[in-house]
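The values are calculated or read from the model by the stated rules, or taken from the named source; none is laboratory data. Quick caveat, the model's predicted, so the values are computed rather than measured. Cβ atoms come from the backbone with ideal geometry, glycine included; neighbour counts cover every protein chain shown. Ligands, DNA and RNA are stripped out before the accessible areas are found, and what is left, the full protein with its side chains, is counted by its heavy atoms. Shrake-Rupley method; radii C 1.70, N 1.55, O 1.52, S 1.80 Å.
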Amino acid sequence: MDWDLLRRHWPDLMQVALSVKQGTVSSVTLLRRLNNRSRKNQIYQPFREVGRAVRTAVLLRYLSDPTLREQIQRATNKAEAYNGFTKWLHFGNAGWLNSRDPELQDRAVKFLDLVAASVIFSTTIDMTKTLRQMARELDPPCERSGGAQPLPARERAPLRRLHHRRTPHTPTRLQPGPARHHRMAVTL
């Protein structure tokens with residue numbers, strides 16, 4: 001990290017940040033000017049150092065926080081599952097785009113997302129209908145159950161309190177049992 005470079009260009013960095021916040025410079029324009037080919041640009045280098053500092057802080061937080069790692073892993077798994085689903089949906093030419101035209105590629109990706117969203121929506125509707133039908137079959141209405149009615153709320157309250165009360169047999173925490181060693185004969 002070049003901290004001296006950051007100190008020298010701090011006013012420039014703040015001016016750019018305020019310009020983006022006020023809308024006088026769009027973030028797209030800024031990113032276009034700060035691409036990899038702009039190494040000679042004087043503001044590129046301090047922004048690169050800020051990026052390194054932020055990346056280091058995020059990595060340190062990631063390494064020290066198991067909850068954050070788990071959350072990122074779950075989000076990554078969802079994204080990968082969606083990508084696998086769209087790959088499965090993408091038929092023709094094994095998922096490869098035929099055109100080098102960015103506009104046509106963008107259109108193809110958007111179309112694939114639209115098809116994936118439509119399939120997910122249709123599947124959700126079908127599953128909801130099926131689950132509601134199964135629920136009706138498993139939970140008959142009160143007329144078919146011999147006139148049994150659910151308890152009124154004032155009569156359910158004491159039962160709810162009993163449910164949450166500890167009994168002498170309720171363990172407060174799990175106790176480890178005795179260690180067991182198993183031997184297995186392995187033949188090759």
Can you work out ³J(HN,Hα) from phi for every residue in the stretch 104-112, in order, using Karplus 6.51 cos²θ - 1.76 cosθ + 1.60 and θ = phi - 60°, giving whole Hz and x for Gly and Pro? 5, 5, 4, 4, 5, 5, 5, 4, 5
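Is the shape of the stretch 13-56 best called rounded, prolate or oblate, per the rule: a/c under 1.5 gives rounded, else a/b larger than b/c gives prolate, else oblate, with a ≥ b ≥ c the square roots of the Cα gyration tensor eigenvalues?
Oblate shape, in that a/c is at least 1.5 and b/c is the bigger or equal ratio.
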Counting other Cβ atoms within 10 Å of each Cβ, which trypsin sites (Lys or Arg not before Pro) in the stretch 1-64 have at most 11 and sit in a DSSP loop? R37, R39, K40
Residue-wise HN-Hα coupling along the stretch 9-21, computed from phi with Karplus coefficients 6.51, -1.76, 1.60 (Hz; x: Gly, Pro): 9, 4, x, 5, 4, 5, 5, 5, 4, 5, 5, 5, 5
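Rounded if a/c is under 1.5, else prolate if a/b beats b/c, else oblate: with a ≥ b ≥ c from the C-alpha gyration tensor eigenvalues square-rooted, which is the stretch 1-101? Please report the intermediate quantities before stating the final value.
On the way: a/c = 2.68, a/b = 1.50, b/c = 1.79.
Since a/c reaches 1.5 but b/c is at least a/b, the shape of the stretch 1-101 is classed as oblate.
Per residue, how much accessible area does the stretch 8-127 have with a 1.4 Å probe, in Å²? Walk me through the numbers on the way to the answer.
On the way: 9960 Å² over 120 residues.
With all protein chains present, the stretch 8-127 gives 83 Å² per residue.
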